[in-house]
Structures are given as structure tokens and as C-alpha cells.
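Student: Can you keep this structure in mind? I'll have questions shortly.
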Amino acid sequence: MQTIETYDFSGKKALIRVDFNVPLNEQFEITDDTRMTAALPTLNTILAKGGAVIVMSHLGRPKKGPEDKFSLRHLVPHLSALLGGKEVKMAPDCIGEATKAMAAALKPGEVLVLENLRFHPEEEGGDEEFARQLSELGDVWVNDAFGTAHRAHASTAVMAKFFPHDKLFGLLVASEVESLDKVLKAPKRPFTAIMGGSKVSSKITIIENLLNSVDHLIIGGGMTYTFVKAQGGKIGGSICEDDYLELAKELLKKAEAKGVKFHFAVDVLEADAFAETANTKVVPANAIDDNWSGLDVGPETIRNFSKVISESNTILWNGPVGVFEMDKFAGGTKAIGEAIATATAKGAFSLVGGGDSVAAVNKFGLAEKVSYISTAGGAMLEYLEGRVLPGIAAVQE
């Protein structure tokens, strides 16, 4: 399969599907440009190789066609700045004669941004005619939007039909797939997965899939208490999914049968309120006081988890182990992040993914100390579940 590195872009117009779904404040200022900066290597590579760049993306969730607050025009000045002050042209729409004329006039080294794809319901509907009209704007299709790769939308998957010999992964998608495969398909052992977050129900399929490949599975966050209660523990007012108690028991049996070691909190920091001002104390994880809730892991658990991580050669982290947004309950998550950073410095491969985990490594200044941070949310989770992602399959076929 051709790659960005091997493809000859000279004189070609590259239609690049990026994920510029960035947060904007009320003044339409970008509050986090991570997704935009993640696409820069692909954009700059194509421009350096003599191509013209046509950027396609969605922004927000427009419901009734065009809405100014979701217009990609708000992103143009910042994209221009990220590209070193290069002029960035803005199309009036993503299809239509006026947009087609702007694309046709584009010269090598120039950049054109198409208007929000989701201003047309055909985008999310995976409409083939809409994909065909988009395809007429360029000579080659580059998918660099891993965050939307789990959607079979017109610009993320259906487009492939119109570029049988000229379809490529962008550098971001290629690195995401390579890093995830390094974890899921060829991990150096021992392989430890840390699964946090509040609900077992949202992570069941991932846990089941990981049981086929991990050596150690650390469970943290609110999920802890469903497992603790399933084993007869007293969890007070801690978050718990009673409908999943039997499933939790089944997962433990499956893990034992596969030789996977489950690791849970043995002590927790309990609080009498969900607040920074709450009274707190460290108690056994299976003996939480009535009307108190476990909001972070305790010191013995931190030592246990850190030891497992320190002895691992491959580490996957998805989800915090406590309410890290509040400093009072951030100690466990920070310690986990630091343990991963230390293991990485000693040669382990570490992948961090999921909004809360990424927010945690950024909060604690650890982003540069892990091997790879996935920019995707739902797409990464579905990949971890073992699902085929339409946006990936479309390029590989």
C-alpha cells in the first residue's frame, strides 16, 4: 500500500479528511488546538512534496444545515498561523460549483478549507453521491482523521470507492494504527492494561477483548466498586452498577481461566461528600462507611499498582483511577501516570488514550514522558474492542 512518504504529490490536489472538531468559546476562539496540531505533519509533508491541500472536516453537531457557530471559517486564521503564516483560502461550501472552481484553481503549495461537511446530512448518512461530489475536488484522498474512523461517513469511508489507486493514510492515522497494533497485536511482555472510569458497562467489551492479550489488568475508578460489591464488599455510597454484578463475577472467572491477573484497590480514600471540602479518610476498599464514597485509591493500592506497572514492558492506560479533576482526589491518578512515565523511561512502550486519561497526563505534565497519546476517543475504544473501523478498512481494501 502506498504511503504519504512514497506517494508523488507533485502537481496533485490532496483531499485530506482531518478531525478539526475543536472546542470553541463564545468568541469563537479555539480553546484546545490539539487535533489541529496533530494534523500538521501530514499537511506540511504534502505541501513540501509539491501538492495542494484541500482540508475536509466536521465541527460540532449542526442539526439544521449551515449554522455560523459551526462554520470552519472560525478555524482559518489559526490554521494559517500553524502553517507559518501561509494564506488559507475558505470555500463557501464543501460541494457545489463555486467550491469546485476554487479547488480547480488551487496551485501547488496552496491550502483550501472546505465548509463543515455536516452541514449536509448526506455526510453522516454515508451518501455515495455526496462522496462522489467531494471526490471531484481532488486527485488523491488522504484519511488523517482517526477520531472519526469508526464512522462509515461519506468523507471517512465511502470516498475510497472513487480513489481505488489514490487513497492513503495520513501520518496521524498511520501512527495511531501502528501504536495500537503494537499494544494489541505484538506487545512485549508483561503487558499491563489499566482500565479506569466510572462505568463497567462502557468498558465490558474492551475488557473481554483485552483478556485475550494482557498479562495484568488493573481496574480503577468508579468501576472498582462494582467489582468489590460483586465479591461481597461493603461500598457505602460509592458508584456501582448493580445490574452488572454477575457480569463482573464472570469477567473474574474468565480472567482466571486465561491466566490474567486482575488487580483491584485494596484501600481507598473515602469522602463524605463529592467536593474538595469533604472530610476524607483511608479505609479498606471493601469496608467503606455508610453514606461515604470511594473517590480515589489509597497508598497501599498505589504501591501495588505502581509495582505491577514498573515490571511491565507494554502499558495501555484508559481511564483515571480517581476523581482527578479535584486535587484532593488526584493523588492516585497522578501516581499511576508517574509510574507509567518511569517505566517508559526504562524502555516500556506506553499508550495513553481516552479523554480523561489524556487530560490527566496533561494536567500532571507527563505528556512528553509516555510513548504515545491517542487523539481519538470512540475510534480508539472500538479498536480496542476488536471492531473493524470503516475509515481504516476503506484505505486498506
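Student: Could you tell me which of THR342, ALA48, GLY365 has its Cα farthest along the dipole of the chain towards the positive end, charges placed at Cβ (Lys, Arg +1; Asp, Glu -1), taken about the Cα centre?
Tutor: THR342
Student: Build a GNM of the chain with springs between Cα atoms under 10 Å: which of GLN27, GLN231, GLN133 gets the top mean-square fluctuation?
Tutor: GLN27
Student: Okay, moving on. Over the residues of segment 13-176, compute the C-alpha Rg and express it relative to 2.2 N^0.38 Å.
Tutor: Details: Rg = 14.3 Å, N = 164, 2.2 N^0.38 = 15.3 Å.
Rg over 2.2 N^0.38 Å, computed on Cα atoms: 0.93.
Student: Turning to a different aspect of this structure: Given Cβ point charges of +1 (Lys, Arg) and -1 (Asp, Glu) and nothing else, what value in debye, to the nearest 20, does the dipole of segment 187-384 about its Cα centre take? Don't jump to the answer; show the numbers that get you there.
Tutor: Values: 19 positive and 23 negative charges, 156 e Å.
That gives segment 187-384 a dipole magnitude of about 760 debye.
Student: Here is a follow-up. Work out the length of the dipole vector of the chain about its Cα centre, built from +1 on the beta-carbon of each Lys and Arg and -1 on the beta-carbon of each Asp and Glu, and round it to the nearest 20 debye.
Tutor: Details: 41 positive and 52 negative charges, 182 e Å.
That gives a dipole near 880 debye.
Student: Only Lys, Arg, Asp and Glu count, each charged at its Cβ (+1, +1, -1, -1), so figure out the dipole size of segment 13-176 about its Cα centre, rounded to 20 debye. Don't skip to the answer; put the middle values down first.
Tutor: On the way: 18 positive and 23 negative charges, 48 e Å.
In total the dipole reaches around 220 debye.
Student: Output ³J(HN,Hα) for segment 138-145: one whole-Hz value per residue in order, computed from phi by the Karplus curve 6.51 cos²θ - 1.76 cosθ + 1.60 with θ = phi - 60°, and x for Gly and Pro.
Tutor: Each residue of segment 138-145 in turn: x, 9, 9, 10, 10, 9, 10, 10 Hz.
Student: Something else: What net charge is computed for the residues neighbouring ILE46, neighbours being all others with C-beta under 15 Å from the C-beta of ILE46, Lys and Arg scored +1, Asp and Glu -1?
Tutor: Details: positive: LYS12, LYS13, ARG17, LYS49, LYS86, LYS107, LYS167; negative: GLU5, ASP8, GLU110, ASP139, ASP144, ASP166.
Around ILE46, the surrounding residues sum to +1.
Student: Take every DSSP beta bridge whose two residues both sit in the chain, then give the antiparallel share in percent to the nearest 5. The partial results should precede the final answer.
Tutor: Working: 10 of 47 bridges.
So the antiparallel bridges amount to about 20 percent of the total.
Student: Apply the Karplus parameterisation 6.51 cos²θ - 1.76 cosθ + 1.60, with θ equal to phi minus 60°, to every residue of segment 325-337 and state each ³J(HN,Hα) to the nearest whole Hz, in sequence, with x for glycine and proline.
Tutor: Each residue's phi maps through the Karplus curve to give 4, 9, 4, 5, 10, 9, x, x, 5, 4, 5, 5, x Hz.
Student: Further, regarding this structure: At what distance in nm do the modelled label points of ALA257 and LEU24 sit from each other, each positioned 7 Å from its Cα along Cα→Cβ?
Tutor: 5.2
Student: Quick check on packing: order 149-162, 13-26 by the mean number of other C-beta atoms within 10 Å, highest mean leading. Intermediate values should be presented prior to the final figure.
Tutor: On the way: 149-162: 24.0, 13-26: 20.3.
Ranked by mean Cβ neighbours within 10 Å, highest first: 149-162, 13-26.
Student: If you don't mind, there's one more thing I want to ask. Normalised by the number of residues in the chain, what is the relative contact order in percent for Cα pairs under 8 Å and 6+ residues apart? List each step's numbers first, then the result.
Tutor: Numbers: 845 pairs, mean separation 59.4, N = 397.
Relative contact order of the chain: 15 percent.
Student: Then there is this: I'd like to compare 220-230, 31-41: which one has the highest average count of other Cβ atoms within 10 Å, and what's the full order after that? Walk me through the numbers before you get to the answer.
Tutor: Working: 220-230: 24.6, 31-41: 16.8.
Those peptides, ordered most packed to least, come out 220-230, 31-41.
Student: Go ahead and set up a Gaussian network model of the chain, Cα springs under 10 Å, then flag whichever of GLY11, GLY322, GLY298 fluctuates most.
Tutor: Among GLY11, GLY322, GLY298, the largest GNM mean-square fluctuation belongs to GLY11.
Student: Springs between alpha-carbon atoms under 10 Å, Gaussian network over the chain: tell me which of GLY109, GLY138, GLY85 tops the mean-square fluctuations.
Tutor: Of the options given, GLY85 has the highest mean-square fluctuation.
Student: Here is a follow-up. Rank-order 116-129, 44-57, 271-284 by packing density, defined as the average count of other C-beta atoms within 10 Å over each peptide's residues, highest first. If you can, show how the numbers build up before the last one.
Tutor: Details: 116-129: 18.6, 44-57: 21.8, 271-284: 14.5.
Those peptides, ordered most packed to least, come out 44-57, 116-129, 271-284.
Student: In the structure shown, do any of LYS203/LYS253; LYS281/LYS363; LYS281/LYS334 have a Cα-Cα gap over 22 Å, and if so which? Before the final figure, lay out each step's value.
Tutor: Details: LYS203/LYS253 17 Å; LYS281/LYS363 24 Å; LYS281/LYS334 19 Å.
Too far apart for the 22 Å limit: LYS281/LYS363.
Student: Find out how many positive minus negative residues lie around THR99, taking Lys and Arg as positive, Asp and Glu as negative, among other residues whose Cβ is under 11 Å from that of THR99.
Tutor: Details: positive: LYS89, LYS100; negative: ASP93, GLU97, GLU115, GLU136.
So the environment of THR99 carries a net charge of -2.
Student: Moving on to the next point. Net charge near THR226, counting Lys/Arg +1 and Asp/Glu -1 over other residues with Cβ under 12 Å of its Cβ?
Tutor: Values: positive: LYS199, LYS203, LYS229, LYS249; negative: GLU241, ASP242, ASP243, GLU246.
Neighbourhood net charge equals 0.
Here, each number is a calculation from the coordinates, and none is a lab measurement. It should be emphasised that the depicted structure is a prediction, and the values quoted were computed from it without experimental measurement. Every residue, glycine as well, gets a Cβ built from its backbone with ideal geometry; the counts of neighbours run over all protein chains shown.
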